[in-house]
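> To start, I am sharing the structure in question, which I have written as C-alpha cells.
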Amino acid sequence: MSKEKDCIVLLERLLNQSRQDKLMYLNAADKQDLPTFKRFFNQQALYRNRMFNDFSMRLSDFGIEADNVLLKRPDIRQLMVASPKREKSNPFAKCLAQDQLFKKQLLSLIQIDTSGDSENYNKVLAKIQDSIETNQLYALEVSAKSLTSPDYL
C-alpha cells in the first residue's frame, strides 16, 4: 500500500508539472521570432499536453480525478498573454531546468511503479531526454549569439 501511495503522489506531481511545463513552453514559443525555436517550443508543449493526459488516465486507474489534483488553477489568459517586449533571459535554460526536474521525478516513479506501465513511462522518459538534449544545444546557441549580439534575445 505504501508503494501505491508513493506512486500516486509522484503521478500527482508529474501531472501538475506537465501542466505547468506546457504553459511555460507555450509562453516561450510566443516570445520567439525564429521558426525553429518556435516550432520546438510548440512541439514540446504538445508533448507535455499528451503527458498530462497520460498521467491523468493513470491516476484515474487509482480512482483519482485530475480535477481534484490540480494545484492553484492559474488564469490561463494571464499566463498566455505575450508581452510586446521580449525577455532578456534564455528561455531554453529555464525549460532545461524544468525538464531535468521532471526527469528526476519520472525516474523515481519508474522505480516504484510495478503496474506494468513501464513501457509508457519509458516513452515519456525518451521524450524528456530528447528535450533536455535539444534544450542544452539551443541554450548554448542562444548564449553564444547573445554574447556576440546583445540585441539577439
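Every number in this text was worked out from the coordinates using simple rules, so none of it is lab data. The shown structure was predicted, so the numbers you read here are calculated from the model rather than taken from an experiment. Glycine also receives a Cβ, built like all others from the backbone with ideal geometry; neighbour counts cover every protein chain displayed.
> Is there a pair in K5/K38; K3/K103; K3/K94; K3/K31; K31/K104 whose C-alpha atoms are over 30 Å apart, and which pairs would that be?
Distance filter (> 30 Å) returns K5/K38; K3/K94; K3/K31.
> Kindly rank 125-137, 43-55 from highest to lowest mean number of other beta carbons found within 10 Å of each residue.
43-55, 125-137
> L101 versus D117, label points 7 Å from Cα toward the beta carbon: distance in nm?
2.2
> Sticking with this one: Do me a favour and compute the ellipsoid semi-axes for region 2-148 from its Cα gyration tensor, root of five times each eigenvalue, largest one first, whole Å.
So the three semi-axes of region 2-148 are 30, 18, 11 Å.
> To the nearest 0.05, what FRET efficiency results for E4 and A144 with a Förster distance of 41 Å applied to their C-beta separation?
Rounded to the nearest 0.05, the efficiency is 0.30.
> Length gain on complete extension for the stretch N53 to S108, per 0.36 nm per residue less the alpha carbon to alpha carbon distance?
17.9 nm
> Taking other Cβ within 10 Å of each residue's Cβ, how do E65, E4 sort, fewest first?
E65, E4
> Continuing with this model, one more query. Can you give the net charge of the other residues whose Cβ lies under 12 Å from the Cβ of T134, counting K and R as +1 and D and E as -1?
Result for the neighbourhood of T134: -2.
> From the phi of every residue in region 123-133, what ³J(HN,Hα) in whole Hz does the Karplus formula 6.51 cos²θ - 1.76 cosθ + 1.60 yield, where θ is phi - 60° and glycine or proline is x?
5, 5, 4, 5, 5, 5, 4, 4, 5, 4, 5
> Which aspartates and glutamates, on any chain, are close to K127 with Cα under 14 Å apart, when same-chain ones fewer than 8 places away are left out?
Correct list for K127: D21, D54, D99, E119.
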